[in-house]
Amino acid sequence: MTLKTTPLTGSVGASVEGISLSEPVTGEQFEQLREAFLRHCVLVFRDQRLAPAPQLAFARLWGEPVVPALLSKLQLGEYPEVIQLQTAPKELVSTEAWHYDAPHTPVPPKVTMLSAQVVPAGGDTMWSNQYLAYERLSPVMQRMLQGLRVHFRAVRLARFQGVPESEAPSAVHPLVRTHPETGRKALYIGHADNVLGIEGMTKAESRPLLEFLYQHSTQPDNVYRHMWRAGDVVMWDNRCTMHYAVHDYGSQERVLNRVTLKGEVPA
């Protein structure tokens, strides 16, 4: 079958048809997927119904699976490289805010892949294109941001895992990072709960700037919103997209299997 890639919005995301991820992927197919992934940042594969083993096999084509800090409690039985995300109380979830995966680690993952097992009514996930968020800034603002570094701390995730905030892992990374494969620049920020501030600035100085960039990054014309169906597989580039998991489904069952891949030190 011939792969068909269709953009899902004018800014981020594409659907891929003509491939079964349960079967071996050819070299030609992978090159097409890689090109589409680097162009669209988020790829959506419908009706795959991937079990953990083939999900891991597909993920390993892209890199080395890793389990980010604080998520080891969610590892899936005989597949410890797979994290299983299940329904949690809305007041405890750490993902209902725009964020990158694991910026609180020295080497954040480069790719995240979700396989939907059980889907409620609701529970959409949104992605924003952080390339465009940077490129839409004025040249003066772009120059001002160069060289600034952001201090991330996993406050929300620590709260979800019952870890004291004082023990939440943290890391400092460039506010503007350069993608190692495309060479494009992207804003690297996050929700105020998980961003302590800009290195060398007071909180009063850094907070208004970070809040402006957060709001600027997530304008509706820079977002793709995915309505999950059981069997969906979605993968995204964690070096150039933020995402937001909408918790509007109460106590309905929601189960997604997640694999993240080792990345590079942001630069």
Pairs only if they're at least six apart or on different chains, beta carbon under 6 angstrom, first in segment 36-48 and closer than 16 Å to residue 238 by Cβ, second in a helix (DSSP H, G or I); list them, first residue then second.
43/37
Could you check segment 208-227 and list, in sequence order, the residues that are surrounded by 20 or more Cβ atoms within 10 Å (Cβ to Cβ) and either among the hydrophobic types (A, V, I, L, M, F, W, C) or more than 18 Å from the chain's Cα centre (by Cα) (or both)?
210, 213, 223
Could you look through segment 122-160, keep only residues that are aromatic (Phe, Trp, Tyr) and under 30 Å from residue 87 (Cβ atoms), and pick out the one that is modelled with the lowest pLDDT?
160
Per the filter on segment 1-28, residues open to solvent by 70 Å² or more (accessible area, probe 1.4 Å) and in contact with a Gly (Cβ under 8 Å, 6 or more places away or on another chain) are 1, 2, 4, 7
Quick check on my filter: what residues within segment 185-207 are open to solvent by 80 Å² or more (accessible area, probe 1.4 Å) and either of a type in the set (S, T, N, Q) or out of contact with any His (no Cβ under 8 Å at 6 or more places or on another chain) (or both)?
200, 203, 204, 205
Within segment 51-75, tally of residues that are over 26 Å from residue 168 (Cβ atoms) and part of a helix (DSSP H, G or I)
9
Residue among 143, 153, 136, 149 that is in contact with an Asp or Glu (Cβ under 7 Å, 6 or more places away or on another chain) and open to solvent by 20 Å² or more (accessible area, probe 1.4 Å)
149
Residue count for segment 96-125, restricted to those that are farther than 20 Å from residue 264 by Cβ and either open to solvent by 30 Å² or more (accessible area, probe 1.4 Å) or assigned to a helix (DSSP H, G or I) (or both)
5
Filter result for residue 31 (surrounded by fewer than 17 Cβ atoms within 10 Å (Cβ to Cβ), in a helix (DSSP H, G or I), over 17 Å from the mean Cα position of the chain (by Cα) and free of Cβ contacts under 8 Å to residues at least 12 places away in the same chain)
yes
Leading residue by the ranking (least open to solvent (accessible area, probe 1.4 Å)) among those in segment 229-267 that are of a type in the set (Gly, Ala, Ser) and under 15 Å from residue 116 (Cβ atoms)
231
Output yes when any residue across segment 219-227 is in contact (Cβ under 8 Å) with a residue 40 or more places away in the chain and farther than 30 Å from residue 254 by Cα, and no when none is.
no
Would you say residue 178 is open to solvent by 20 Å² or more (accessible area, probe 1.4 Å), among the β-branched types (Val, Ile, Thr) and within 30 Å of residue 39 (Cβ to Cβ)?
yes
Determine whether segment 59-68 contains at least one residue that is small (Gly, Ala, Ser) and either under 25 Å from residue 253 (Cβ atoms) or open to solvent by 70 Å² or more (accessible area, probe 1.4 Å) (or both).
yes
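The values are calculated or read from the model by the stated rules, or taken from the named source; none is laboratory data. Treat the numbers as computed from the prediction; the structure is a model and nothing was measured. Ideal geometry is used to build each Cβ from the backbone, glycine not excepted, and the neighbour counts take in all protein chains shown. To get the accessible areas, we keep the full protein, side chains included, count just its heavy atoms, and leave off ligands, DNA and RNA. Shrake-Rupley method; radii C 1.70, N 1.55, O 1.52, S 1.80 Å.
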